[in-house]
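These notes concern the structure reproduced below.
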């Protein structure tokens, strides 16, 4: 009589021989991809999906592959939606917001102002929501009304707004947006990578514009940022969009006209295009 442990070893050897003769993949990438892209699928369904692709694996092999990579079984895996999956599932309905500060040179020295902006994830369009020396609860509520206006609000039609845990997002502001159908998704503390699109804009506007200008008033700062946003949308190529423009305004490109330059902010920002032949 074969002991229980011996029967288990024989069974594993049989499974290994069966899989090796039935086209078992040499690496677990296929199994892992199917499991990660379908967090609610169990072992049997993964086996069936892999079989549809001409590969044969057993449930125990799928289990071992997932366990070796730290991938949870279907019940637990399905309850923890990955951040990437959440973004892809709601791509057109998500915007992100953030603050950054700028120091303005006044008669009384440097005065710090807060700049509040919102970016649409699917298009990378950026909206300058407001500039304030000391943002207040009333100011934030008014910004919320502007953003959710049914006619021209930047958040009209959006379902989620990703923000960090800055206390400037007051309870009244959050409640106002919620009443308009926009849920605030507050990322965990010290995790700016989860608001990467907003952070990317800050790392663009500073070195390309604000680091080279000393604003002399709030109006000057507003004009500077407005001019930069026109350049950002219409004249700046974006690697995240396959090096294309967000909102190209030029006509068909010709290759025999003179090369012209459009300057903004005294030549700090440049855009090259072909003139009429």
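Among beta bridges identified by DSSP and lying wholly in region 89-215, the antiparallel ones come to about 70 percent.
Each Cα pair of region 92-154 feeds into the Kirkwood radius, which the Stokes-Einstein equation turns, at 10 °C and 1.306 mPa s, into a diffusion coefficient of 122 µm²/s.
Across region 162-275, Cα-Cα pairs farther apart than 16 Å form 71% of the total.
Write down the Å³ per residue value for the convex hull defined by the alpha carbon atoms of region 89-215. Please list the in-between numbers first.
Details: hull volume 15.2 nm³, N = 127.
Convex hull of Cα atoms, per residue: 120 Å³.
Quantify how much of the Cα-Cα distance distribution of region 153-215 extends past 17 Å, in percent. Could you put the intermediate results ahead of the total?
On the way: 1047 of 1953 pairs.
Above the 17 Å cut-off, region 153-215 has 54 percent of its Cα pairs.
Hey, what D do you get for region 214-277 in µm²/s if you plug the Kirkwood alpha-carbon radius into Stokes-Einstein at 4 °C and 1.567 mPa s? D, rounded to a whole number, is 98 µm²/s. Computed on the Cα trace of region 48-157, the radius of gyration divided by the Kirkwood hydrodynamic radius gives Rg/Rh = 1.27.
Here, each number is a calculation from the coordinates, and none is a lab measurement. Quantities reported herein were computed from a predicted structural model and do not represent experimental measurements.
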